[in-house]
Amino acid sequence: MAENNEEIKPVSANKPRPRRRKPQAPKSTVAPNAETSQTEQPQSQQPQSQQPQSQQPQSQQNKPKKNQRRQMTSSIEGNEKWQNEMKKTIIANEKIQKERLQTFNLPDQNTTAKVRITPLGGLGEIGGNISVIETDTSAIIIDVGMSFPSEDMHGVDILIPDFTYLRSIKNKIKGIVITHAHEDHIGAIPYLFKEMQFPIYATPLPLGMLSNKFEEHGLKAERRYFRPVEKRKVIQIGDFSVEWIHITHSIIDASSLAITCEAGTLIHTGDFKIDHTPIDGLVSDLHRFAHYGEKGILCLLSDSTNSYREGVTKSESIVGNTFDGIFAKAKGRVIMSTFSSNIHRVYQAIDYGCRHGRKVCVIGRSMEKNLFIAMDLGYINLDKSIFIEPHELGKYNDKDILIVTTGSQGETMSALYRMATDEHRHVKIKTSDQIIISARAIPGNEGSVSKVLNFLLKSGADVAYQDFSEIHASGHASQEDQKLILRLCKPKFFLPVHGEYNHIVKHKETAIDCGIPSRNILLMSDGEQIEICPKYIKKIKTVKTGKVYIDNQINQQIANDVVLDRQKMADAGLVMLVAQVDAKESKLISKPKVTSYGLVSDKEDREFSHEMEGVIDQFMLNTKKEILQDARALENELRQVVRKHIFRKMKKYPTIVPTIFMM
């Protein structure tokens, strides 16, 4: 760059360069003993007042320069002892670096053993996590979770996996292995246990929450299948040696799994993030990932939910500062809603509420049970004297109350929803209330969350939701967290799991950046069975998967055709036809009764009924005599005629319910 910020102008190619003038002797004389530091500058940058070297006094030319450059270090090329050792060390270091970064050949290459992985839920969706890992003689199930229905699944509360494949390998299954206690990992276990039972291996908190579920479903006796496990302790389950590795997540007592069989070691991260300052101080056990990574990992299955999010996931502890600020400003009651299983979030809200002198009222059956289970098991420490019952709220000033409740996903039966719609028995929303929704909407629940949010705002209360950047901290790993696990494990094969298809595609890109060859990564879908051995990974077949609809109010399954009928009626309406027919004369005895729902407006009912009478009359005139002898066949024919007529006129296929009495 030019000195003194002068612009350097290009010289024209056709214009001759001006000849440089020879340096002239300066008018003033430089003292013989002057320092000559400026002589190190390029000649073009020397001041004109400086003498050329040839014209400087002889005494100054012979004097050593203080700032003269040091001589360059000698090359390592040569046969001296230290030079030979340097060459050997460079080669050795290059070899060591390659070996530590790529452990692909550490699994036993001579074994013929294979292991198969079959996801039955959790891919192409958020939630519903369940997968099967099996050899020729043994199988284990990793998690059995539920998921939420879409808005067009009318009357459906939850979805559980289709257990058809589990029925086909029932005799091979040696146990269920649980990573953590979120509903999308344990919520479907009671429904599985109503059909078949296996030992359940899990740490204490998941088993404690399952105990409540089994009690609700009338499965108290089945709690004999519970097998509490210790972290860092290997448990033998059939052909598999399983170690639970502590990992941080948005719930207490989460685990990753190291599953070792004859084919090699599989690492299943479960849901995770890398939180270096968790609320309980129990950081992720990264040493175990590194331990298995050094030994050699055949395959890594890793959480992909946040694969698009750059950087690292924020610590759960950041939410506490947000709570502190909101409590300090709140003039009335504070009502905080989050996932009932997010115990550390609930704990932080209660902790800061107590610091501001508030009594705590926990509303919501699942919230209350989960919180007190965590307290009973010693995961959190709270004085029970701070809690009050819902019917005691009227005894305290509003500024002295904190209500912790469920409903952060807009569930219509949740406590927060009933408060927002003024249907809750004990809590009516006031304009002085401060509402905190400390969660983000699960994909598919955005409409429900928006609905309850609108109800709360219409009530006049202040609502803190997404306008506070640190009111919620994700429980899933962002890209840098994912990279850390990939680098620690250095697996030969990689299977991104947990998330929609675009999430696992993005996770694949991250894995390639971390040195895993693209050919060693497979993108799975539910039902695709993957076979792995040290020499290859491939898809071998597809098994039956799907969802089963559950009415959570009665804890029973809803038949598929019931849900389909509800969808059809909601989309196109219902038409009911009742007619009396003279079989001998092939005509109607009286006017048919026509009733429609969701097809035409009330003021058009009479006209529509008259139109349907004409259709039925014409149908009777053209009906074959043999059909008139069979009431069921006659109803089916009439249904098709009416359906076609309505579609031609209204472009709808309503549900047609004909009832014909043969006289």
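The values are calculated or read from the model by the stated rules, or taken from the named source; none is laboratory data. Since we're looking at a predicted model, the values are computed, not measured. Methodologically, a virtual Cβ is constructed for each residue, glycine included, from the backbone with ideal geometry; neighbour enumeration extends over all protein chains shown. With ligands, DNA and RNA removed, areas are computed over all heavy atoms of the protein, side chains included. Shrake-Rupley method; radii C 1.70, N 1.55, O 1.52, S 1.80 Å.
Per residue, the accessible area of region 79-233 comes to 45 Å², computed with a 1.4 Å probe over protein heavy atoms only.
Taking amide H positions as modeled 1.01 Å from N, with prolines and chain starts lacking one, the residues under 5 Å from Ile558 and 5 or more places away or on another chain are Tyr549, Ile550, Asp551. Number of Lys-Lys pairs in region 620-663 with C-alpha atoms under 27 Å apart and a separation of 8 or more places or on different chains: 4. Sorted from greatest to least, the principal axis extents spanned by the alpha carbons of region 292-388 come out as 55, 31, 22 Å.
Applying the criteria of a DSSP loop state and at most 12 other Cβ atoms within 10 Å to the trypsin sites (Lys or Arg not before Pro) of region 615-663 yields Lys624, Lys651.
Computed FRET efficiency, Cβ-Cβ of Glu604 and Ala570, R0 25 Å: what is it to the nearest 0.05? Plugging the Cβ-Cβ distance into 1/(1 + (r/R0)^6) gives 0.80.
Show that you can apply the helix-only estimate: for the chain, add -39,500 (n - 2.57) for every DSSP H stretch of four or more residues, divide by all residues, and state [θ] at 222 nm to the nearest 500.
Working: 18 runs with 197 residues, N = 663.
That calculation yields -9000 deg cm²/dmol at 222 nm.
Any of Lys174/Lys369; Lys273/Lys395; Lys231/Lys483 with alpha carbons more than 32 Å apart? Name them for me. In this structure, Lys273/Lys395 exceed 32 Å between Cα atoms. Residues in region 534-548 carry Karplus couplings, in order, of x, 9, 7, 9, 7, 7, 10, 6, 10, 10, 6, 9, x, 10, 10 Hz; the curve used is 6.51 cos²θ - 1.76 cosθ + 1.60 with θ = phi - 60°, and Gly or Pro positions show x. Taken along its three principal axes, the alpha carbon spread of region 102-188 comes to 54, 35, 22 Å, from the longest extent down to the shortest.
How high is the relative contact order of region 484-541, given as a whole-number percent (alpha carbon pairs under 8 Å, six or more residues apart)? Could you put the intermediate results ahead of the total?
Details: 54 pairs, mean separation 18.1, N = 58.
Contact order relative to length: 31 percent.
Note that region 379-512 shows a convex hull volume over its alpha carbon atoms of 163 Å³ per residue.
Length available on full extension from Leu457 to Val505: 0.36 nm per residue minus the Cα-Cα distance, which gives 13.4 nm. Indicate the gyration tensor shape class of region 206-248 (rounded, prolate or oblate), computed on the Cα atoms with a ≥ b ≥ c the square roots of the eigenvalues: a/c under 1.5 is rounded; otherwise a/b larger than b/c is prolate and the rest oblate. Oblate, because a/c is 1.5 or more while a/b does not exceed b/c. The Asn93 and Leu286 beta-carbon pair, evaluated with R₀ = 30 Å, returns a calculated FRET efficiency of approximately 0.75.
Kirkwood hydrodynamic radius computed over region 277-317 comes to 12.9 Å, based on all pairs of distinct alpha carbons. The string of couplings for region 132-146 from the Karplus curve (6.51, -1.76, 1.60, θ = phi - 60°) is 10, 10, 8, 10, 5, 10, 9, 8, 10, 9, 9, 6, 9, x, 10 Hz, one whole number per residue in order, with x for Gly and Pro.
Evaluated on region 137-181, the Kirkwood hydrodynamic radius is 12.5 Å, with distances taken between all distinct Cα atoms. If both residues of a DSSP beta bridge must be in the chain, then about 55% of such bridges are antiparallel.
Applying 1/(1 + (r/R0)^6) with R0 = 22 Å to the Cβ-Cβ distance of Gln197 and Ser241, what FRET efficiency is obtained, to the nearest 0.05?
Values: r = 23 Å, r/R0 = 1.05.
In this case the efficiency is close to 0.45.
Rounded to the nearest whole Hz, the Karplus-based 3J(HN,Hα) values (6.51 cos²θ - 1.76 cosθ + 1.60, θ = phi - 60°) of region 516-525 follow the sequence 8, x, 4, 5, 9, 10, 10, 9, 9, 10, with x at glycine and proline.
Which entry in (i) 56.8; (ii) 28.7; (iii) 33.6 is this structure's computed mean projected area of the Cα convex hull in nm²? Working out mean projected area of the Cα convex hull in nm² from the coordinates points to (i).
With the Cα gyration tensor of region 167-314 giving a ≥ b ≥ c as the square roots of its eigenvalues, does the rule (a/c under 1.5 for rounded; else a/b larger than b/c for prolate; else oblate) give rounded, prolate or oblate? Intermediate values should be presented prior to the final figure.
On the way: a/c = 1.91, a/b = 1.33, b/c = 1.44.
It comes out oblate by the Cα gyration axes.
Per residue, the average separation of C-alpha pairs within less than 8 Å and at least 6 apart gives region 97-248 a relative contact order of 17 percent. Sparsely packed loop sites in region 501-609 (the GluC sites (Glu not before Pro) outside DSSP H, G, I, E and B with at most 15 other Cβ atoms within 10 Å) comprise Glu585. When the square roots of the Cα gyration tensor eigenvalues are ordered a ≥ b ≥ c, the ratio a/c for region 329-451 is 1.5 or more and a/b does not exceed b/c, which makes its shape oblate.
Once fully extended, how much extra length lies between Leu377 and Lys231, figured as 0.36 nm per residue of separation less the alpha-carbon to alpha-carbon distance? Mind showing how you got there, number by number?
On the way: separation 146, 0.36 × 146 = 52.56 nm, distance 1.58 nm.
The Leu377-Lys231 span can extend by a further 51.0 nm.
Dividing the convex hull volume of the alpha-carbon atoms in region 176-215 by its residue count gives 60 Å³ per residue. For Phe226, the amide hydrogen comes within under 5 Å of the amide hydrogens of Ile200, counting only partners 5 or more places away or on other chains and with H modelled in the peptide plane. Whenever you get a sec, compute what percent of the accessible area on region 490-564 sits on carbon and sulfur atoms (1.4 Å probe). Its accessible area is 47 percent carbon and sulfur atoms. Considering only alpha-carbon pairs that sit under 8 angstrom and 6 or more positions apart, the relative contact order computed for the chain is 14 percent.
For the residue pairs Lys95/Lys233; Lys95/Lys172; Lys170/Lys492; Lys194/Lys451, alpha carbon separations beyond 32 Å are given by Lys95/Lys233; Lys95/Lys172; Lys194/Lys451. For region 527-612, the Kirkwood hydrodynamic radius from C-alpha pairs, put into Stokes-Einstein at 20 °C and a viscosity of 1.002 mPa s, yields a diffusion coefficient of 116 µm² per second.
Need the full-extension length gain, Glu85 to Gln629, defined as separation in residues times 0.36 nm minus the C-alpha distance. One decimal, nm. Write out the running numbers ahead of the final one.
Values: separation 544, 0.36 × 544 = 195.84 nm, distance 10.46 nm.
Value of the extension gain: 185.4 nm.
Loop-located trypsin sites (Lys or Arg not before Pro) in region 564-612 (DSSP state other than H, G, I, E, B) with a sparse environment of at most 11 neighbouring Cβ atoms within 10 Å: Lys584.
Residues whose amide H comes within less than 5 Å of that of Thr313, counting only those at least five positions distant or on another chain, are Ile274, Ser478, Asp481 (H built at 1.01 Å from N in the peptide plane).
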